[in-house]
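The structure appears below as structure tokens.
What follows is calculated from the coordinates using simple rules that are stated; it is not laboratory data. Just so we're clear, the structure is a prediction, and the values are computed from it rather than from any experiment. We place every Cβ from the backbone using ideal geometry, glycine too, and count neighbours over all the protein chains shown.
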Amino acid sequence: MLQEGDNAPAFKTKDQNGNTIALSDFEGKKVILFFYPEDDTPTCTEEACNLRDNFSLLKKKGFIILGVSPQDVKSHKKFSTKFELPFPLLADRDKKIIDAYGCWGQKQMFGHKYMGVWRYTFIIDENGKIEKIFRKVHSKNHTEQILKNYSS
């Protein structure tokens, strides 16, 4: 399991526009890397829209925002367009990024157990180190949670 202070696992994949995005593209910048289970579902939409609504503030504070889920480019494009999301959503169909960050495992809903993506957020510093991990994400207030609990 990744810990604060570890090197962030490198990755390269496509975003909702078909652009190739790699973590190394953001060297020298602070990255909010948020993992979410599925496009256009209620809680995932709350989280993404909270980050969207605070995009200018986060950008002003020097953050780049990247979302990751196992849906494909087409699904991400539809979600991004519908909610006017101003940041890349990364397609991880084979779950390589999700696995590298330890965001896949057993979940439970209404007594039913299943495998899925855990809603985690990683703050990665300018040198590619994990500065903060949020394993209990407050979707409706995620920006506030990040800014309150993150110290650069």
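Out of the stretch 74-152, which chymotrypsin sites (Phe, Trp or Tyr not before Pro) are coil in DSSP terms and have no more than 11 other C-beta atoms within 10 Å? Don't jump to the answer; show the numbers that get you there.
On the way: sites: Phe79, Phe83, Tyr101, Trp104, Phe110, Tyr114, Trp118, Tyr120, Phe122, Phe134, Tyr150; in loops: Phe83, Tyr101, Phe110, Trp118, Tyr120, Tyr150.
Within the stretch 74-152, the qualifying chymotrypsin sites (Phe, Trp or Tyr not before Pro) (loop, at most 11 other Cβ atoms within 10 Å) are Phe110.
Ordered by residue, what ³J(HN,Hα) values in Hz, to whole numbers, does the stretch 108-117 give under the Karplus form 6.51 cos²θ - 1.76 cosθ + 1.60, where θ = phi - 60° and Gly and Pro are x?
These are the phi-based 3J(HN,Hα) values: 9, 9, 6, x, 9, 9, 7, 8, x, 7 Hz.
So who's got an amide H within less than 5 Å of the one on Ala8, skipping anything under 5 residues away but keeping other chains? H placed 1.01 Å off N, in plane.
Sorted by chain and number, the residues that satisfy this are Lys129, Ile130.
Filter Lys78/Lys140; Lys29/Lys96; Lys82/Lys129 down to the pairs with a C-alpha to C-alpha distance above 30 Å, please.
Pairs exceeding 30 Å: Lys82/Lys129.
Output wanted: per-residue J couplings in Hz (rounded whole) for the stretch 59-66, from phi through Karplus 6.51 cos²θ - 1.76 cosθ + 1.60, θ = phi - 60°, x for Gly and Pro.
These are the phi-based 3J(HN,Hα) values: 5, 4, 7, x, 8, 9, 10, 10 Hz.
Just from the alpha-carbon atoms, what are the Rg and Dmax of the stretch 96-152 in angstroms?
In Å, with Rg to one decimal and Dmax whole: 13.4, 42.
What does the helix-only formula give at 222 nm for the chain: each DSSP H stretch with n ≥ 4 adding -39500 (n - 2.57), the total divided by the residues, and the result rounded to the nearest 500 deg cm²/dmol?
When only DSSP H runs of four or more count, the value is -7500 deg cm²/dmol.
May I ask what percent, to the nearest 5, of DSSP beta bridges between residues of the stretch 22-152 are antiparallel?
Working: 14 of 23 bridges.
Given both bridge residues lie in the stretch 22-152, the antiparallel proportion sits at roughly 60 percent.
With label points built 7 Å along Cα→Cβ from the Cα atoms of Thr41 and Asn19, find their separation and express it in nm.
2.7 nm
If you wrap a convex hull around the alpha carbons of the stretch 25-108, what volume per residue comes out, as a whole number of Å³? Don't skip to the end; give the middle numbers.
Working: hull volume 8.8 nm³, N = 84.
Taking only Cα atoms, the stretch 25-108 has a hull volume of 104 Å³ per residue.
Please give the Cα centre distance for the stretch 102-125 versus the stretch 1-36, rounded to the nearest Å.
Spelled out, the Cα-based centre of one part sits 18 Å from the other.
Enumerate the amide H contacts of Ile65 below 5 Å, restricted to partners 5 or more residues apart or on another chain; note that Pro and chain-start residues carry no placed amide H.
Here the answer is Ile32, since their amide H atoms fall under 5 Å of that of Ile65.
Using modelled amide H (1.01 Å from N, peptide plane; none on Pro or chain starts), what sits under 5 Å from the amide H of Ile21, excluding residues fewer than 5 places away?
Here Thr13, Lys14, Asp15 satisfy the definition.
Provide the per-residue ³J(HN,Hα) series for the stretch 96-102, in order, calculated from phi with Karplus coefficients 6.51, -1.76, 1.60 and θ = phi - 60°, each as a whole number of Hz, with x at glycine and proline positions.
5, 6, 4, 5, 4, 9, x
Kindly provide the Kirkwood hydrodynamic radius of the chain in Å, to one decimal, from all pairs of distinct alpha carbon atoms.
Evaluated over the chain, this radius sits at 15.4 Å.
Working only with C-alpha atoms, what are the Rg and Dmax values of the stretch 1-74, expressed in angstrom?
13.1, 34
Can you list the GluC sites (Glu not before Pro) in the stretch 29-127 that are in a DSSP coil and have 14 or fewer other beta carbons within 10 angstrom?
Loop-located and lightly packed - Glu84, Glu126.
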